[in-house]
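Chemist: The structure under discussion is supplied below as structure tokens; questions concerning it will follow.
The values are calculated or read from the model by the stated rules, or taken from the named source; none is laboratory data. Owing to the predicted nature of the structure, the values given are computational and were not obtained by experimental measurement. Here the Cβ positions follow ideal geometry from the backbone for every residue, glycine too, while neighbour counts run over all protein chains shown.
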Protein chains: 2
Amino acid sequence: MKKTKHKILDMLLKHPDIHLSGQKICDVLGCSRTAVWKHIKELESEGFKIEAIQKKGYRLLSTPNELSEARILVGLKTKELGQHLIYFDSIGSTQKETQHLAEDGAPHGTLVITSHQMTGRGRLGRTWSMPKGKGIAMSLILRPKLSINRIPQLTLIAAVAVYKAITEVTGIQTDIKWPNDILVMGKKIVGILTEMQTEGTNVKAVIIGMGMNINANKNDFPEEIRHVATSLKTLTGKEHDMSLIVQTILFYFEELYLRYLEEGFSVIKWMWESHAVSIGKRINARLFNGKVLTGLAKGIDEEGALLLEDDQGSIHKIYSADIEIE
Amino acid sequence: MKKTKHKILDMLLKHPDIHLSGQKICDVLGCSRTAVWKHIKELESEGFKIEAIQKKGYRLLSTPNELSEARILVGLKTKELGQHLIYFDSIGSTQKETQHLAEDGAPHGTLVITSHQMTGRGRLGRTWSMPKGKGIAMSLILRPKLSINRIPQLTLIAAVAVYKAITEVTGIQTDIKWPNDILVMGKKIVGILTEMQTEGTNVKAVIIGMGMNINANKNDFPEEIRHVATSLKTLTGKEHDMSLIVQTILFYFEELYLRYLEEGFSVIKWMWESHAVSIGKRINARLFNGKVLTGLAKGIDEEGALLLEDDQGSIHKIYSADIEIE
């Protein structure tokens, strides 16, 4: 159920060329003119530019590039993903919050999102740093009826969805680095973290977290990570509509996810491999026992494991590692 | 670090035949006589019977059968399991609380425990009902460095530990019903629920929950579950020391767990199979797609899956099901 504010925004977005009178909005939505005025003021405070002309009414001039709950929800073209949206002005970690919500029964498709994450975390307990207001941290709950060993595939589906959304919204081509990073010119713009809650051999919930650097300037990053991290703004010289990026990721993610449930992993595997920077290259894979395997990245298998051919011609299946292209 | 109260209880337990003067206790523990007196009163209120004779001192006459935090901790013979004990007089669900604690970083061996669980849950979102003060609900955090597919084995280790502890403390022989129930004469006295938190392909935490019916009378159970549930008291006609049962379970669990990490699953598999009621019998296994498989339960495999031989002689591996002995 959308809030009145979201319905007003929806009307304004659908009529970019005419002024909508307060009375007209009242009539359609069945609320008072004071209520309309208050919601318009709220939208303005969230960065929407709205022209108000006496006796004519309201017209939307522009939407903000900043993340906006209303902007994400209005026009979100998904059935489930993100429809239960929990927006925070700031939060410690969306992933931690979402873990708790999932444990407490939050439904499939629940999305926790912020543009100000203070203590974000990445894989293996690493931190994830994000300049305030200039990036997106979000965590999505999925409740798939899949066996545990198929869950790592969802990370790869998420990577393909992010790839498609960024290309569509910004025109930038990205690379996927196994298993969970989206890179542009070798620097990370998106990290994906997939966690799971199981009971016995049943999957109760999968929580897919994404950290995205969108509108940060180079100097917004701590100096020690500038050589590995970048943002869409740094690359294109302009700011991007963060809410539209979120909408588009959710749209593609749902489309790919439903297709995957229907048809299996092979079509996703093909899409993933065709954008993966490491495939066909020599890589070093640092395993978590400290061992480093070196060889040719051949592709991924049906479970999403990375296949590495060493110099003796043996194929290794890699489930978890840090990889580096030689 | 044990509290002063626990140290006093420890002294009293170690000297059952003599009176310990307040002054002596003060000297050993370095606290005031008023503090000693207050702790003695607290122990009395928790059900410990303590004789206090002027000029002689204190002597412990008996320990309560009720669950007691002090009684569990004093004399707990484990290195890690249960040493970080979080005791609740009452709680909604120990499993849910422990999931949150694990997500927030609680260490390996953390135990959340109560004898008054109000909204306990079992497998597959079922409820777990426990008469107030007469049973034990506890949830243990393990942080094993194991691959995901080995985690179901931990349920079986827990079942063997519970089996051994109940036999040792009460003399009752129990049966294990795959995968997670402990039965006596076909009725359930303990249920085990194993849940897991993962990140990618790494196990972050395993939460093993146990619900145990110890000192309940037949009439304490809701009528609709009396035909399937029972308690140790109903079977033996007397009450049992709940804290001692917990201590003993933790002791055996740790012993078996460390042995399993060292030597692998085969010795546990053998112990498990030798107490499993279903092995060698004809069973019906209701799978979660509604399908029912009927046949002979042959045993479990190295991953802890149940092996069922159908009437055509085919072997089915069952990872999750409700089973019923024909």
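Chemist: Taking the options A:96, A:132, A:79, name whichever one is under 19 Å from residue A:165 (Cα atoms) and either charged (D, E, K, R) or in a strand (DSSP E or B) (or both).
Modeler: Checking each option against the conditions leaves just A:79.
Chemist: Let me ask another. Output yes when any residue across region B:104-120 is assigned to a loop (DSSP other than H, G, I, E, B) and under 25 Å from residue B:320 (Cα atoms), and no when none is. Break it down into steps so the answer makes sense when it comes.
Modeler: At the first step, the residues of region B:104-120 found to be assigned to a loop (DSSP other than H, G, I, E, B) are B:104-110, B:115-116, B:118-120.
Going one step further and asking which of them are under 25 Å from residue B:320 (Cα atoms), we end up with B:119-120.
Yes, the conditions are met somewhere in region B:104-120.
Chemist: I need the strands (runs of 3 or more DSSP E) fully contained in region A:231-326, keeping only those with at least 1 residues that are within 14 Å of chain B (Cβ to nearest Cβ) and farther than 17 Å from residue A:152 by Cα.
Modeler: Details: elements: A:282-286, A:292-300, A:306-309, A:315-318, A:322-325.
The strands (runs of 3 or more DSSP E) meeting that bar are A:282-286.
Chemist: What tally of residues in region A:179-200 results from selecting those that are more than 14 Å from chain B (Cβ to nearest Cβ) and either in contact with a Pro (Cβ under 9 Å, 6 or more places away or on another chain) or in a loop (DSSP other than H, G, I, E, B) (or both)? Don't jump to the end; show me each part of the working.
Modeler: Taking region A:179-200 as the starting set, the residues that turn out to be more than 14 Å from chain B (Cβ to nearest Cβ) are A:182-190.
Retained after the next criterion (residues that are either in contact with a Pro (Cβ under 9 Å, 6 or more places away or on another chain) or in a loop (DSSP other than H, G, I, E, B) (or both)): A:185-186.
Residues flagged as more than 14 Å from chain B (Cβ to nearest Cβ) and either in contact with a Pro (Cβ under 9 Å, 6 or more places away or on another chain) or in a loop (DSSP other than H, G, I, E, B) (or both) within region A:179-200 amount to 2.
Chemist: Search region A:263-284 for residues that are loosely packed, with under 13 Cβ neighbours inside 10 Å and pair each with any residue that is modelled with pLDDT of 90 or more when their beta-carbon atoms are under 7 Å apart and the residues are at least 6 apart or on different chains.
Modeler: A:280/A:297; A:281/A:297
Chemist: Follow-up question, since we're still on this one. Residue B:173 is checked against (1) away from every other protein chain (no Cβ under 14 Å); (2) in a strand (DSSP E or B); (3) more than 14 Å from the chain's Cα centre (by Cα) and fails just one. What number does that condition carry?
Modeler: With respect to (1) away from every other protein chain (no Cβ under 14 Å); (2) in a strand (DSSP E or B); (3) more than 14 Å from the chain's Cα centre (by Cα), residue B:173 is out only on (2).
Chemist: Given (1) away from chain B (no Cβ under 14 Å); (2) crowded, with 20+ Cβ neighbours inside 10 Å; (3) within 30 Å of residue B:200 (Cβ to Cβ), identify the lone condition not met by residue A:78.
Modeler: The failed condition is (2).
Chemist: Being free of Cβ contacts under 8 Å to residues at least 40 places away in the same chain, of a type in the set (D, E, K, R), away from chain B (no Cβ under 14 Å) and out of contact with any Ser or Thr (no Cβ under 8 Å at 6 or more places or on another chain), is that true of even one residue in region A:201-221?
Modeler: Within region A:201-221, none of the residues are free of Cβ contacts under 8 Å to residues at least 40 places away in the same chain, of a type in the set (D, E, K, R), away from chain B (no Cβ under 14 Å) and out of contact with any Ser or Thr (no Cβ under 8 Å at 6 or more places or on another chain).
Chemist: For region A:113-126: of the residues being free of Cβ contacts under 8 Å to residues at least 40 places away in the same chain and more than 14 Å from chain B (Cβ to nearest Cβ), which is surrounded by the fewest Cβ atoms within 10 Å (Cβ to Cβ)?
Modeler: Per the stated criteria, the residue is A:118.
Chemist: Of these, B:117, B:83, B:153, which one is more than 30 Å from residue B:50 (Cβ to Cβ) and not assigned by TED's automatic domain parsing to the domain that holds residue B:47?
Modeler: Details: B:117 fails: more than 30 Å from residue B:50 (Cβ to Cβ); B:83 fails: more than 30 Å from residue B:50 (Cβ to Cβ).
Only one candidate qualifies: B:153.
Chemist: Of the numbered conditions (1) touching a Ser or Thr at 6+ places or on another chain (Cβ under 6 Å); (2) in a strand (DSSP E or B), residue B:58 fails exactly one; give the number of that condition.
Modeler: (1)
Chemist: Please verify whether residue B:224 is exposed (fewer than 15 other Cβ atoms within 10 Å of the Cβ), more than 22 Å from the chain's Cα centre (by Cα) and under 30 Å from residue B:109 (Cβ atoms), treating the condition exactly as stated. Outline the logic, then answer.
Modeler: Working: exposed (fewer than 15 other Cβ atoms within 10 Å of the Cβ): yes; more than 22 Å from the chain's Cα centre (by Cα): yes; under 30 Å from residue B:109 (Cβ atoms): no.
No: the conditions fail for residue B:224.
Chemist: Can you name the residue in region A:141-170 that is within 24 Å of residue A:84 (Cα to Cα) and of a type in the set (S, T, N, Q) and is also nearest to the other protein chains (Cβ to nearest Cβ) among such residues?
Modeler: Residue satisfying both the conditions and the ranking: A:155.
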